[in-house]
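J.: Let me begin by handing over the structure; questions about it come next.
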Amino acid sequence: MSDIELKTEFFVKPESVVRQIWGKGDTVLLIFAGAAAEFALNKAVDWLYFTGRLPSDPLGRLFSTVSYARQIVFADKQAALKAIDVIDSIHNNVEEKRGQKIPDWAYRDVLF
């Protein structure tokens, strides 16, 4: 471990299995392939289509999702929290436009 890693407080510890998973492109693609196969079974799919961005640019959405995940997993704690705030802001805007909160179960279904 370098001196910088010793002094930096990371959001996800450098030795975490999460970093190992998100650090390998093949693993990330496998996860997203599985998620895509399961996508139609998700009850929260209407939330994911509300803005129209997913159907208009599915690959762009894939890469932006991976980018956000990497910003969180490999960043120091402050930068990761900032990325989470950006994601939260995006979700708040969708909720406001739709006039309804995204239910907690929808987040869980998408994440798990």
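The values are calculated or read from the model by the stated rules, or taken from the named source; none is laboratory data. Just so it is clear, the structure is predicted and the values come from calculations on it, not from any experiment. Because the Cβ atoms are built from the backbone with ideal geometry, glycine has one as well, and the counts that use them run over all protein chains shown. Just the protein is used for accessible areas: all its heavy atoms, side chains included, with ligands, DNA and RNA removed. Shrake-Rupley method; radii C 1.70, N 1.55, O 1.52, S 1.80 Å.
J.: Tell me which of G60, V94, F74 sits at the most positive position along the dipole axis of the stretch 60-112, charges placed on C-beta atoms (Lys, Arg +1; Asp, Glu -1).
T.: G60
J.: In terms of Cα to Cα distance under 20 Å, which aspartates and glutamates are near enough to K7, apart from those fewer than 8 places away along the same chain?
T.: Answer for K7, where 20 Å is the Cα cut-off: E15, D76, listed by chain and number.
J.: Over 20 Å between Cα atoms: which of K24/K82; K13/K82; K13/K101; K43/K101 fall into that group?
T.: K24/K82; K13/K101
J.: Just read off the accessible area of R108 with the full protein assembly in place, 1.4 Å probe, to the nearest 10 Å².
T.: 120
J.: Moving to a separate point now. When the helix-only estimate is applied to the chain (DSSP H runs of n ≥ 4, each -39,500 (n - 2.57), divided by the residue count), what is the mean residue ellipticity at 222 nm, nearest 500 deg cm²/dmol?
T.: -21000 deg cm²/dmol
J.: Just to verify a number: FRET efficiency for L59 and R108, C-beta to C-beta distance, R0 = 35 Å, to 0.05?
T.: Efficiency, from the Cβ-Cβ distance: 0.85.
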